[in-house]
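The values are calculated or read from the model by the stated rules, or taken from the named source; none is laboratory data. Keep in mind the model is a prediction, meaning the values are calculated, not measured. Every residue, glycine as well, gets a Cβ built from its backbone with ideal geometry; the counts of neighbours run over all protein chains shown.
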Amino acid sequence: MEWEELQATWAQLGQELEEQKKLTKEIIMKMTQEKFTNKFRTLTQIETVGAIICYAAAIGVLVNFNELNTWYLALCGILTLAFITILPTMVLRALAKIRNLNIIQGTFKDNLRTYTKAKNHLLRLQRTGIMASFVSLFICLPVAAKLLSNKNIFEIGLKPTAWIGLGVVVILMFFFSRWGYRGYKKVTSAAENLLRDLE
């Protein structure tokens, strides 16, 4: 009788230990999921604010589009609208895809593959956005000059001080873009490390 009780107690302890292991694993997975999602919270907030500013500027350009009264100003206006609406939307969608990755349900290998693909897409979008922002600066400038001060810089040109200011802006954009891209790489690497720790 004692032997049977001992076996029953041992089996019960084994079952409780397995349940405890399963519960611990679930808690670790949930905590990791939360940490993973939080890694992208600040980036998402910053990009959301930037997108709202871009969309507000797009509305301003659309409302005053008839003031872009030459074909080249209208073309610059269309390209400006495309840049300030499409790119922010694509970046927000890429961030949402990464943040919504459910690491609890998928396998380690599938999660890592999905994350790596989404991360590479996001970083490629950032590089594209950085390059496009330098080009768009020269496309948006004539639109802004026309809508804000009713001046066609294609006809009147830029004063030397404006060229100096433009040079300063380009230099600042270069350093800011570099800093921002490094921040993206740091966050995406930290999130990837979280996933790799689950292996």
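Could you say which residue among THR32, THR9 is farther than 23 Å from TYR181 by Cβ, surrounded by 12 or more Cβ atoms within 10 Å (Cβ to Cβ) and modelled with pLDDT under 85? Going through THR32, THR9 in turn, the sole match is THR32.
In segment 168-198, of all residues being free of Cβ contacts under 8 Å to residues at least 24 places away in the same chain and of a type in the set (Lys, Arg), the one that is farthest from LEU112 (Cα to Cα) corresponds to ARG178.
Let's see how each residue does on (1) β-branched (Val, Ile, Thr); (2) touching a Phe, Trp or Tyr at 6+ places or on another chain (Cβ under 7 Å); (3) part of a helix (DSSP H, G or I); (4) closer than 30 Å to THR24 by Cβ:
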| site | (1), (2), (3), (4) |
| --- | --- |
| LYS97 | no, no, yes, yes |
| THR128 | yes, no, yes, no |
| LEU141 | no, no, yes, no |
| ALA162 | no, no, yes, no |
| GLY167 | no, no, yes, no |
| LEU172 | no, no, yes, no |
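Looking at (1) closer than 16 Å to SER136 by Cβ; (2) among the β-branched types (Val, Ile, Thr); (3) surrounded by 13 or more Cβ atoms within 10 Å (Cβ to Cβ), can you tell me which one ILE53 breaks? For ILE53, the failing item is (3).
Of the residues contained in segment 175-194, one or more are found to be surrounded by 14 or more Cβ atoms within 10 Å (Cβ to Cβ) and among the charged types (D, E, K, R).
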